1. Structure shown: which of Lys196/Lys708; Lys644/Lys755; Lys410/Lys668; Lys209/Lys708; Lys618/Lys668 lie over 27 Å apart, alpha-carbon to alpha-carbon?
2. What FRET efficiency comes out for the pair Phe627/Arg122, r = Cβ-Cβ distance, R0 = 41 Å, nearest 0.05?
3. Structure shown: which of Lys739/Lys777; Lys236/Lys777; Lys654/Lys675; Lys236/Lys368; Lys609/Lys675 lie over 23 Å apart, alpha-carbon to alpha-carbon?
4. Can you compute the FRET efficiency between Glu768 and Arg150 using 1/(1 + (r/R0)^6), with r the Cβ-Cβ distance and R0 = 35 Å? Round to the nearest 0.05.
5. Taking the solvent-accessible surface of protein heavy atoms with a 1.4 Å probe, what is the per residue accessible area of the range 301-370 in Å²?
6. Per 0.36 nm of contour for each residue apart, how much would the distance between Asp610 and Asp70 grow if the chain were fully extended, relative to their Cα-Cα spacing?
7. Using label points projected 7 Å from each Cα along Cα→Cβ, tell me how many nm separate Ala788 and Ala730, to one decimal.
8. Return the FRET efficiency for the residue pair Ala48, Asp639: r is the Cβ-Cβ distance, R0 is 51 Å, and the value is rounded to the nearest 0.05.
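The values are calculated or read from the model by the stated rules, or taken from the named source; none is laboratory data. Keep in mind that this is a model prediction, so the values were computed, not measured. When we count neighbours, we look across all protein chains shown, and the Cβ atoms used for this are built from the backbone with ideal geometry, even at glycine. Each accessible area value is taken on the protein alone, full model and side chains, heavy atoms only, with ligands, DNA and RNA left out. Shrake-Rupley method; radii C 1.70, N 1.55, O 1.52, S 1.80 Å.
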Amino acid sequence: MGGRGKSRTQRKHFRQSRENVWKRSKPDPSSQDPESTDNPNSSWTPFATQNSAFDEYYIEQGIVQPEDWDAFVAVLRSPLPASFRINACSQFSADLRSQLENDFVQTLQAEVVEGDDPEAIRPLPWYPENLAWHSNFSRMQLRKNQTLERFHEFLKLENEIGNITRQEAVSMVPPLFLNVQPDHFVLDMCAAPGSKTFQLLEIIHQSTKAGSLPDGMVIANDLDVQRCNLLIHQTKRMCTANLIVTNHEAQNFPGCRLVRNHESLEPEQHISQLSLDCILCDVPCSGDGTLRKAPDLWRKWNTGRGNGLHSLQVLITMRGLSLLKVGGRMVYSTCSMNPIENEAVVAEVLRRCGGSVELVDVSNECPKLLRRPGLKRWKVCDRSLWLSSYKDVPMNRRSAVFPSMFPSGKNYQDLVDSNQKMDMGDDTDKGVCENSEDGNQATENPMTDKLTEEVSELPLERCMRIVPHDQNTGAFFIAVLQKVSPLPAIHIPEKTKNVIDKQHGEPENQDLEDSKVSQVDSLENTHEEALKEVNVIDNKPDKEDLEASPSGEEGNVIDNKPDKEDLEGDAEEVQNLPKTDSIVKTTSRKRKLQIQGKWRGVDPVFFFKDEDTINSIKDFYGIDESFPFNGHLVTRNQDVGHVKRIYYVSKSVKDVLELNFSVGQQLKIASLGLKMFERQASREGSSAPCAFRISSEGLPLILPYITKRILRASPVDFKHLLQYKTIKFADFVDAEFGKMAENLTLGYCIIVLCKGKREASESIQVDESTIAIGCWKGRGSLNVMVTAMDCRELLERLLVRFDAENGSSMHENMPSNTNAVDEVQSTHDIDDSEAPEGPNS
């Protein structure tokens, strides 16, 4: 529900026009070997993967041991192998896993190159139930190697359908440490393009039975509208009623809090604030952990990229913690290796929270995942100047380099006082910056001064850093935080408070903790962080220095989120990403609109309460009264006569939506709910008794409650429907089924697949394994209301499944070559006039 993604043609042109991660070099005609055309990889060369500043920086930071450096950079300069994850909630998840284990593992083995991983594809050992897989082939190899075409087509089709998600392996890690349960309320603060959001939804839905919904939900947020559209496109494959997509700056995400006994709180409304059990805080970062899939980053890399994002990362993390329940868990993550964006941010957050937040030791969780402990010491490099402590920072750079970037987090005066207490005499002045008249540092480079190097006293070794050469992946940083008590409050002078209220427009009816946190954040923004926020804009590199190559799903761009996932399915969905100056902008205008409940460019959300329409739907499909309708239907159009789509939301989403109305629509909702009903009329001009059909997305949820307009088809007739899309009633192999279909009134109906021969007396039983499709009953034929891609997928899965289970059950009743087949094939285009105005997509 929300904006649509690009058309297939647009996505194709975008994919063709964008730069590829591995560029084709221009061949030299004079030196080209005529026989080299037989080698598909002969003319493909990588980007230059050298950057002396990168090497100097990370050698000095010591993120790997000196003896590991050569292996580290060798892997970092090689293409990233493709990886993907099976959707655990898919009907065919077991079939897909079996196909990988018993088919592709063997057939792809011949493509293994000597010296590479001995297995062409293999399950990731640290991911549960063999649902995540690593291939030994890069995306370019998959595209260009003809012998891999079948595997590549498999990945593209299953990704588009939603049965798998093409995602970088390390990007799958953060959700595993959130400990999400089916009843949890989860926030993904910087969610686009949505692979980790999809993963969170899988976890919530995994134990759900047919016709039911989990008690929890996911709120997926992103700053940029275009990236929200990408997020919607990605997550709609999940077909979930437990998702809200919002469009906010993460550091200003609304709390939606009501005072208790608020008069606008509905009697049945059970929540009075947006209180979250788990938060994924995958913040904007410099993205140098994605060099293997975005090698153009090598030439763009500089230390200013990470330094310029440090303050924003702290603000986003603090806002997330303010929204987190006491006892809740937050995962902070980046696809950067830079300690300024990683350990320094975690350390600053722990200092600000004053014991109310703990860094969790997760060394015993996910034991097969190879990870390295966080650093306790690091330096800051500013414009090629190495700084070991804040007292080394030149005066003219103190608006760009902050105490929070250093291990101790101490400002200049704190460091001076500390040195005086330690009574170290003149030795303590060795690394102190003595500024010349122009403000530049006059003393020796503190890089050589080992005495002033700081070591953090916080348990930062509990963080984890994933490096490429440990398990042939990208790089990633993860820290798990747990909120053990309300965040501390800081006294705010009245004058400052008035400034804060004018700048941020915070609602007055917030509960105690949220008020305290807002004061903390606002105080810091107004005083100590004011210069920092200015610096995020003023000292940030140009857009071309901040953006990574748009290759893959998450072309690490710094705007709202430099994502790490590898949606190759992929480049087709990547939108033109926004400019980086949108990271930090004035929010007063948005705050005003937020209080008014009006969001420019976003359709409002309305509860659908038209009893006549609802009753006609219930009566037409015989929907059981136990299916909850009241308060669960929403639209984006208040005019009932013009409503084209009706969406269904879970109870958790319903509660949040009611809360949002009560607080003046603070949430800017880009999408929510599951498309359940869609207005439909026949092309032949005849009106169906019910104006709405059931969408393919909503059918699995409502199917167990439907008692009318549902028929059971034999495997062969079901197969014919998928193959030919339109079949005359007289041409069904099972004549009785054809008569039953013909006797239905005009309109939408549901065809359920029998697992064997159809028995007339057998009742329709629905469970998680039930396969059903929607059809349109016309005057002379039955027309399938399923996309061609879905039909293809169902045919492939059913042929494999039923041939394996029942021998030739899908073929034993196939008509002969003489009459029936020709008749069935001849109906393909006969009754298009009877079909509705387009299949459900």
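1. Details: Lys196/Lys708 38 Å; Lys644/Lys755 35 Å; Lys410/Lys668 38 Å; Lys209/Lys708 22 Å; Lys618/Lys668 32 Å.
Too far apart for the 27 Å limit: Lys196/Lys708; Lys644/Lys755; Lys410/Lys668; Lys618/Lys668.
2. Details: r = 43 Å, r/R0 = 1.05.
Working from the Cβ atoms, E equals 0.40.
3. Working: Lys739/Lys777 12 Å; Lys236/Lys777 27 Å; Lys654/Lys675 15 Å; Lys236/Lys368 32 Å; Lys609/Lys675 16 Å.
Pairs exceeding 23 Å: Lys236/Lys777; Lys236/Lys368.
4. On the way: r = 29 Å, r/R0 = 0.82.
Calculated value: 0.75.
5. Numbers: 1590 Å² over 70 residues.
In whole numbers, the range 301-370 has 23 Å² accessible per residue.
6. Computed gain between Asp610 and Asp70 is 187.6 nm.
7. 3.0
8. Numbers: r = 58 Å, r/R0 = 1.14.
Step by step, r from the Cβ atoms, then E = 0.30.
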